[in-house]
Amino acid sequence: MVNTNETEWRLPSHRVVAMILVILTETALFTIFVVAYLFYIGKSLSGPYPRDVLHFPWLGSILLFGSSGTIVAAEHHLKRGSLRDFHLWWGITFAAGVGFLLWTANEWIHLIYHERLTISTNLFGSTFYSLVGLHASHVLVGAFLLGLILVMSVTGRIQDRHHEHITMISWYWHFVDCVWAVVITVVYIISANS
Amino acid sequence: MPNGTTTTDAGTELLPARPGEERGTLTGWVQDLVFTVDHKKLGMLYVGTGLLFLVIAGWMALIIRAQLAFPNGHVASPQEFNSMITVHGTVMIFWVAMPIVFGMINYLVPLMIGARDMAFPRLNAFSFWLTFFSGFFLLMSFVTGPGLYGAGAAPDAGWFAIAPLTSPAFSKGPSIDYWSLSVLVTGIGSVTGAINIMVTIICYRTKGMTLHRMPLFVWLALVTMFLVVVFIPPLSAAQIMLTLERYLGATFFDAQSGGSAILWQHFFWIFGHPEVYILVMPAFATISEVVPVFSRKPIFGYPMMVAASVLIGFISAGVWAHHMFTVGMNSFQVTFFAMATLAISVPTGIKIFNWLATIYGGKVRLELPMLWCIAFLFQFLIAGLTGIMLGVASFDWQLNDSYFVIAHFHYVIVGGILFAVFAFFYYWYPKAFGRMLDKKLGLWHFWLFTIGFHLTFDPQHFAGFYGMPRRIYTYQPGRGWEVWNLLSTIGAFVQAAAIIVFVINLLWSGRKGKIAGDDPWDAWTLEWATTSPPPDYNFEKLPEVRSRRPLWDLKHPEDPDWKFE
């Protein structure tokens, strides 16, 4: 047995562990919606069907996946201490998040008004809007956090001790991104081709 | 410990005297409870909330039993009866068992790991108040709709809200919404609380308390909270879908639009079965602390106990469909879930053998906490055995949704979990209030409750064998069910009497009980190293943790544990 009295007593950061658990519990939540979506593929009794109305989300995906890169760049500049570059890259990330939400809004308007697909139309509508909507609501929360950090940093309220907070927000943003990868696979690739 | 400024040996100021705090007055007391972020007070609030709802849901159980005492009963109307069974089940799980579980863990974990509070004290208060208010939100359903008399708009689709009964076509009005929204809100409270507790255990252990020196209670709390974090969200997801279906016309569980009512059952039981382990693990935790102290032996097979707990946590994720053997699954699914169910009884059996091995050859002190533990061991064994019977699919096909199932899970939840909760009270009450619970009243409570429990639930096995289905509001004479139901009803009222004795004991002993002192049971874990009740900051000075029993090392410097571990 190692005698810990002699060695330094070090435990993981509470922020890191808490964020891992938040991501874990959110994953469980998303899993059920993804399972519901997969289970109901091809079970709608009437149209419109996914292959008729869904288009691959190029713009939304570029915005969201790109923002995962820009947030890494922002963190990099924050650690190097160049606050101006941090603001720039963080601002781009925030803009990409907002852009993704606008893209989603546009897609939904198209689906609702032109394709006549609502949440009550058929099983596809129910599962599509609940899964994609749940993801979009997480993007909304993430974008809010990004905006909050941007405002706080520009007004000079972010200090060195807040770096871990910022890393955690970036983890959350990466998580939202990973979920989007799953959503693309399940919704825009598997169901749109079946 | 006197109030006011206290300093550690390092001389840093820990607790400045708070100005303007009116101690001793009623408003001061209420203010203290409402604004507190202290894990001990929140723990007691949790447990107190659980007891309050225990009385409310217990009252519903008495109405159910009174209705079923004789054939063709007239105590409750069919609709009221349905509300009673639904709200009784829902409240007992989400506002009795869960708050008591969270209260136990909230109170004890920071003390046992030598922390000053939880990782996120304000989040802790948030979790508690969500649970507290959502419970009253559910009960509010009784006074809406038709009003106070009768069941009002109370949910009446069974505690697992089976689809398609819950669809807007079959449940008009807000009754199901009370169920799904209140449980959704308390679910959020549970998840935030669980994250808080896990972070506390992982990040706030005192120096020297490595993972393999943590008390078993803390280990089991960690596994329990992991299950909460992973398996409450499926229920929340299903409830979000249900709410979308009821308000926006989504068609998840509506067979007429191609939806599947079976999917609801899957989603519910993916939550529902791990939930059983969420409730029973803290009971195991209590037994694992009490049995060694009253057998005067360290726990037998500590690493196996930890491994078995983690294993139960994992296997519990793959057994849910044993609640659904009769819905018509294919033979592969039936075989898989039957085998997983039988497999999970192995680590549970390991635990029972380890507790027995701890008692074996020990110097057993038959104090009140130990009495409850011994009753637990017998009853939990029977509950486990009937569980194995129901896990065998072909047997389950005969007895699913009969009173045999009712008897089985009440054996788990009352005979197992509630008995452990009472052991918890008798063991840790002295720590929380500084006074012992009265032994004479405690013995009355124990024997009345044990007799009442067996009188209530033993006959239900036989009613089940004779074919009595669950959820029926009345029955015809001449089916051989009368005697079992009458015995069961008498037993329910004996249990109620026992609960009254218990509440009297709690109140009386708080004022007049024997002064406990810091360590009345000569125990070994850290919570006994501080005063009873502990000060706000928990510890003035922590003993060195070099083994699983730091207080043993402190008391027996000539023969410390760390030499052997």
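The values are calculated or read from the model by the stated rules, or taken from the named source; none is laboratory data. Treat the numbers as computed from the prediction; the structure is a model and nothing was measured. All Cβ positions, even for glycine, are placed from backbone atoms using ideal geometry, and neighbour counts span all protein chains on display.
Summary of computed values
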quantity: Odd one out for B:L486 among (1) aliphatic (A, V, I, L, M); (2) crowded, with 18+ Cβ neighbours inside 10 Å; (3) over 25 Å from B:S295 (Cα atoms); calculated: (2)
quantity: Every residue from the stretch B:510-546 that is buried (at least 20 other Cβ atoms within 10 Å of the Cβ) and farther than 22 Å from B:N106 by Cβ; calculated: B:G513, B:R546
quantity: Any hit, the stretch B:319-341, residues being at pLDDT below 95 and more than 22 Å from B:Q398 (Cβ to Cβ); calculated: no
quantity: Members of the stretch A:109-134 found to be part of a helix (DSSP H, G or I), more than 14 Å from chain B (Cβ to nearest Cβ) and of a type outside the set (A, V, I, L, M), listed by number; calculated: A:H110, A:Y113, A:H114
quantity: Positions within the stretch A:134-157 being within 14 Å of A:W90 (Cα to Cα) and in contact (Cβ under 8 Å) with a residue 24 or more places away in the chain, in sequence order; calculated: A:G142, A:A143, A:L145, A:L146, A:G147, A:I149, A:L150, A:S153, A:V154
quantity: Which listed residue, of A:L11, A:L29, A:L38, A:L24, is outside any helix (DSSP H, G or I) and either surrounded by fewer than 17 Cβ atoms within 10 Å (Cβ to Cβ) or among the aliphatic types (A, V, I, L, M) (or both); calculated: A:L11
quantity: Matching residues, the stretch B:392-431, being modelled with pLDDT of 95 or more, among the small types (G, A, S) and part of a helix (DSSP H, G or I); calculated: B:A407, B:G415, B:G416, B:A420, B:A423
quantity: Residues of the stretch A:135-170 that turn out to be surrounded by 15 or more Cβ atoms within 10 Å (Cβ to Cβ), β-branched (V, I, T) and either part of a helix (DSSP H, G or I) or at pLDDT 95 or above (or both), as a count; calculated: 5
quantity: The one condition in (1) surrounded by fewer than 24 Cβ atoms within 10 Å (Cβ to Cβ); (2) closer than 30 Å to B:D519 by Cβ; (3) not hydroxyl-bearing (S, T, Y) that B:F136 fails to fulfil; calculated: (2)
quantity: In the stretch A:5-43, the residues that are aromatic (F, W, Y) and either at the interface with another protein chain (Cβ under 7 Å from one of its Cβ atoms) or in contact with a Cys (Cβ under 9 Å, 6 or more places away or on another chain) (or both); calculated: A:W9, A:F33, A:F39
quantity: Matching residues, the stretch A:41-58, being surrounded by 15 or more Cβ atoms within 10 Å (Cβ to Cβ) and either part of a helix (DSSP H, G or I) or under 23 Å from the mean Cα position of the chain (by Cα) (or both); calculated: A:P50, A:V53, A:L54, A:P57
quantity: Pairs, first free of Cβ contacts under 8 Å to residues at least 12 places away in the same chain in the stretch B:249-267, second among the acidic types (D, E), C-beta under 7 Å, six or more apart; calculated: B:T251/B:E245
quantity: Helices (runs of 4 or more DSSP H) fully within the stretch B:206-325 counting 2 or more residues that are under 22 Å from B:W179 (Cβ atoms) and away from every other protein chain (no Cβ under 13 Å); calculated: B:261-295
quantity: Failed condition for B:H556, given (1) touching a residue at least 24 places away in the same chain (Cβ under 8 Å); (2) out of contact with any helix residue (DSSP H, G or I) (no Cβ under 7 Å at 6 or more places or on another chain); (3) not polar (S, T, N, Q); calculated: (1)
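Here's the yes/no breakdown for (1) in contact with a Phe, Trp or Tyr (Cβ under 8 Å, 6 or more places away or on another chain); (2) touching a residue at least 24 places away in the same chain (Cβ under 8 Å); (3) over 13 Å from A:L150 (Cβ atoms):
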{"residue": "A:K43", "(1), (2), (3)": "no, yes, yes"}
{"residue": "A:G47", "(1), (2), (3)": "no, yes, yes"}
{"residue": "A:R51", "(1), (2), (3)": "no, yes, yes"}
{"residue": "A:S61", "(1), (2), (3)": "yes, yes, yes"}
{"residue": "A:R80", "(1), (2), (3)": "no, no, yes"}
{"residue": "A:D85", "(1), (2), (3)": "no, no, yes"}
{"residue": "A:A95", "(1), (2), (3)": "no, no, no"}
